[in-house]
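The structure appears right after this line, and notes come after that.
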Amino acid sequence: MAESTRLVDLVQRELDRFLADHHDRLQAISPDLDPFIEFSRALLSGGKRFRALFCYWGWQAVTGYDEFDPLAEPSEHPDLNAAVKASAALELFHAAALVHDDIMDNSDTRRGMPSAHRRFESLHAGAEWQGNGRHFGQSGALLLGDLLLGWSDELLDDGLRSLRSPDAAHSARAEFTRMRAEVTAGQYLDMLEEVSWRHGDEADSLERTRRVIVYKSAKYTVEAPLAIGGSLGGASLAQFAALRDFGLPLGVAYQLRDDVLGVFGDEHITGKPSGDDLREGKHTTLIAIARRRLPSPARRLLDELLGDPSLDQHQIEMLQTTIRDSGALADVEHLIADHVSEAVAALDGAPLSTAATREFRRLADSVASRES
């Protein structure tokens, strides 16, 4: 636990250093670019750092690096600096994904604060500039997301250059590139499902929602960071297999929990309005199961209201009750528990370090029980 806490501190220090350096570069172009750094700092100042933690522990699981002195600098281990920078790069990539995701979902908030496109829109309104403030906000956030995406590559490559093994650097880069393609594909499939599920084959609905879960979230949240970390450490085929066997089901559990929180989460904890997924019309596994279980009249009402951005609190509560009473919530809770159990079982006898295996079990509990 202490090692994870220290890793989070090192990642934050690396992100702060990186943003300070790039603030100077942007300032040299124009002070008008200050919002890019200000909004980036807001996005990168918090969060659970799951992706950074899974990347680091994937590296530690392979290298067995247990002697982490909390007073030491990252240069203590020859390749620790690369692991820290790769972990920080994943946080930059995640921030880019959040910015773009909020644009596509038209979300007003992120972690209890205005989303990036709303920040740019407020900038436009406060200065009373010409033109459409909404368009300016979305355009500014789109550019911010692209900038963060490019920065994630820059920081990753900086770390890879310090690796002692060129083969490990090549492997980690390949895993990062694969992750980028998969999450983009998953995001499109999610967007497509949101608008086309009424016209799709009902028999395939659960398989479609699972495909979205796997490629939009499960791989990029847990499996890919583990694989990137394992690559940094020169993982064997058996070690890669163990990391993936643990990572994919845990990633699925992570997204299933996200789907539950998107409907039933406490907005004071999640930082997003309660029932936001209902207003956005997210056709998740939770919704797909509810539709299968509900009688026709209740299913028609759910279909009619799902995706209405003007849903009031009474309607949200009615839909929450309908979904809960259908048994769908209980089914998804069982799915989460089953996937966590599958992930933890994959650690038994795995050729991974004792410290990492212990931390993976703790992280699995955190993923399953999180409230935000």
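The values are calculated or read from the model by the stated rules, or taken from the named source; none is laboratory data. Nothing here was measured: the structure is a model prediction, and the numbers come from that model. Glycine gets a Cβ as well: all are built from the backbone with ideal geometry, and neighbour counts include every protein chain shown. Areas reflect the complete protein model, heavy atoms only, side chains present, ligands, DNA and RNA absent. Shrake-Rupley method; radii C 1.70, N 1.55, O 1.52, S 1.80 Å.
Proximity of backbone amide H atoms, modeled 1.01 Å from N, is registered between Arg110 and Ser115 at under 5 Å, excluding neighbours fewer than 5 places apart on the same chain.
Rounded, prolate or oblate: which one fits the range 258-325, using the alpha carbon gyration tensor with axes a ≥ b ≥ c (rounded when a/c is under 1.5, else prolate when a/b beats b/c, else oblate)? Note, shape of the range 258-325 comes out prolate.
Surface analysis of the range 71-128 yields an accessible area of 38 Å² per residue, using protein heavy atoms and a 1.4 Å probe. Placing +1 on each Lys and Arg Cβ and -1 on each Asp and Glu Cβ, with no other charges, gives the chain a dipole about its Cα centre of roughly 400 debye. Separation of the range 106-135 and the range 270-347, taken as the distance between their Cα centroids, equals 29 angstrom.
Of Gly234, Thr221, Thr177, which is farthest on the positive side of the dipole of the range 176-267, counting Cα position, with +1 on Lys and Arg Cβ, -1 on Asp and Glu Cβ, and the Cα centre as origin? Final value for the positive-end residue is Gly234. Considering only Gln315, Val11, Ala42, and ranking their Cα positions along the charge dipole of the chain that arises from unit charges at the beta-carbon of Lys, Arg, Asp and Glu, the one farthest toward the positive end is Gln315. Estimated purely from DSSP H runs of n ≥ 4, each contributing -39500 (n - 2.57), the mean residue ellipticity at 222 nm for the chain is -24000 deg cm²/dmol once divided by its residues.
If you sort the three axes of the alpha carbon gyration tensor as a ≥ b ≥ c, you get a/c of 1.5 or more for the range 212-336 and a/b above b/c, which makes it prolate. Measuring nothing but protein heavy atoms, the accessible surface of the range 87-213 at 1.4 Å probe radius is 55 percent carbon and sulfur.
Straightening the chain between Leu33 and Asp21 buys 2.9 nm, computed as 0.36 nm per residue apart minus the Cα-Cα spacing.
Per-atom-type breakdown for the range 255-372 gives carbon and sulfur 50% of the accessible area (1.4 Å probe, protein chains only).
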